[in-house]
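Remarks on the structure that follows.
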Amino acid sequence: MRSLPVRRSPEPTAPHPASHPDRQVKAIRLGPRSIAALALISAIGVVAFGWPLLAESSSGLAHSSDAPWLFAVLLPLLLAVVVATIADTGLDAKAIAMLGVLAAAGAALRPLGAGTAGIEPMFFLMVLSGRVLGPGFGFVLGSVSMFASALLTGGVGPWMPFQMLSMGWVAMGAGLLPGPHRLRGRRELLLLAGYGAVASVLYGTIMNLQGWPYIGGLATGVSFVPGDALPENLARFVAYCLATSLGWDLPRAVVTVVLTLALGGTVLKALRRATRRAAFEAPVTFDASKP
């Protein structure tokens, strides 16, 4: 009796990343060393921004003496994040190309408003890019974009590493927002617009904290008093922000919200289409039948 051939059903395979076009693609996957480097520089950044509030009045530290040292320390650490990422996960040519294009676009957008009245269209691109490409890529992109824009506009100075770190936090935070794989459409744009508004104001506030303790000649109600109680100095700092930078921070937030709601859908689709074509997460296979 002749036996009939048995047809075997194909074994189930894991879905390819490209089969889910709306999922968040992480061009840079943060491994243990990358996370450690990122946590280290973030901790040092917090100390660099906030140490004047905790310093003793007799310390004798001034902006002219500490800023160059902070510049020398923070910038190598920022670059170390990129190096640790390359060593830990392998930053391939496609990710480097994407990073170069977006960093160039961000650097070109920043001078359009030249910081006038807080008009800085760079923020909305950093938020959208971090959302699509993940927190690791977002941090590196924000830092590199701010560095490139400083070279482009001649804004190199002791404040630059603080700007790089702050913008890296902004883009990284966008990559950590909830619903990266399922939240789409109007709800996602509203989420990104709200985050962009908050991040724009916080960016200005943090940068105020970097320079406020060293500005002399201010009125007593808004000036920093070395060695004074922390709550009293914080109250003066809030008054300083309301009296000086809020006129820049709020317009920056408004511009970010408007651009996100008006152009966010198109930009998000373009970024996700580019990441699908790049196939960052596609597994590498070798065909043994070909030489």
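The values are calculated or read from the model by the stated rules, or taken from the named source; none is laboratory data. In this text the structure is predicted, and so the values were computed from the model without any measurement. Every residue, glycine among them, receives a Cβ derived from its backbone with ideal geometry; neighbour counts consider all protein chains shown. These accessible areas exclude ligands, DNA and RNA; they are computed on the full protein's heavy atoms, side chains included. Shrake-Rupley method; radii C 1.70, N 1.55, O 1.52, S 1.80 Å.
Residues in the stretch 203-219: is at least one closer than 19 Å to Leu38 by Cα, outside any loop (DSSP other than H, G, I, E, B) and either in contact with a His (Cβ under 7 Å, 6 or more places away or on another chain) or open to solvent by less than 40 Å² (accessible area, probe 1.4 Å) (or both)? Don't jump to the end; show me each part of the working.
Keep residues of the stretch 203-219 that are closer than 19 Å to Leu38 by Cα, which gives 203, 206.
The next check asks that each one be outside any loop (DSSP other than H, G, I, E, B); those that pass are 203, 206.
Next cut, either in contact with a His (Cβ under 7 Å, 6 or more places away or on another chain) or open to solvent by less than 40 Å² (accessible area, probe 1.4 Å) (or both) only: 203.
Checked the stretch 203-219: at least one residue is closer than 19 Å to Leu38 by Cα, outside any loop (DSSP other than H, G, I, E, B) and either in contact with a His (Cβ under 7 Å, 6 or more places away or on another chain) or open to solvent by less than 40 Å² (accessible area, probe 1.4 Å) (or both).
Looking at Ala174, Ala193, Ala199, Ala235, which is the one that is on the phi < 0 side of the Ramachandran plot, open to solvent by 20 Å² or more (accessible area, probe 1.4 Å) and part of a helix (DSSP H, G or I)?
Values: Ala174 fails: open to solvent by 20 Å² or more (accessible area, probe 1.4 Å); Ala193 fails: open to solvent by 20 Å² or more (accessible area, probe 1.4 Å); Ala199 fails: open to solvent by 20 Å² or more (accessible area, probe 1.4 Å).
None of the other options fit; the residue is Ala235.
Pairs, please: C-beta under 9 Å, at least 6 apart or cross-chain, first residue under 13 Å from Ala193 (Cβ atoms) and in the stretch 258-278, second open to solvent by less than 30 Å² (accessible area, probe 1.4 Å) and among the polar types (S, T, N, Q)?
So the pair list comes out as Val267/Ser129; Val267/Thr260.
Under 9 Å between Cβ atoms, at least 6 apart or on separate chains: pull out the pairs that start in the stretch 162-185 with a residue that is free of Cβ contacts under 8 Å to residues at least 12 places away in the same chain and end on any residue that is basic (Lys, Arg) and part of a helix (DSSP H, G or I).
Hits for this filter: zero, empty list.
For Ala80, are the conditions met, namely being of a type outside the set (Asp, Glu), closer than 24 Å to Val222 by Cβ and either modelled with pLDDT under 75 or open to solvent by 70 Å² or more (accessible area, probe 1.4 Å) (or both)?
Values: of a type outside the set (Asp, Glu): yes; closer than 24 Å to Val222 by Cβ: no; either modelled with pLDDT under 75 or open to solvent by 70 Å² or more (accessible area, probe 1.4 Å) (or both): yes.
The answer is no for Ala80.
Take the stretch 97-155 and flag every residue that is at pLDDT below 85, not aliphatic (A, V, I, L, M) and not in a helix (DSSP H, G or I).
Gly115, Glu120, Gly154, Gly155
Have a look at Ala243, Ala274, Ala229 and point out the one that is loosely packed, with under 13 Cβ neighbours inside 10 Å and hydrophobic (A, V, I, L, M, F, W, C).
Working: Ala243 fails: loosely packed, with under 13 Cβ neighbours inside 10 Å; Ala274 fails: loosely packed, with under 13 Cβ neighbours inside 10 Å.
None of the others qualify; the one that does is Ala229.
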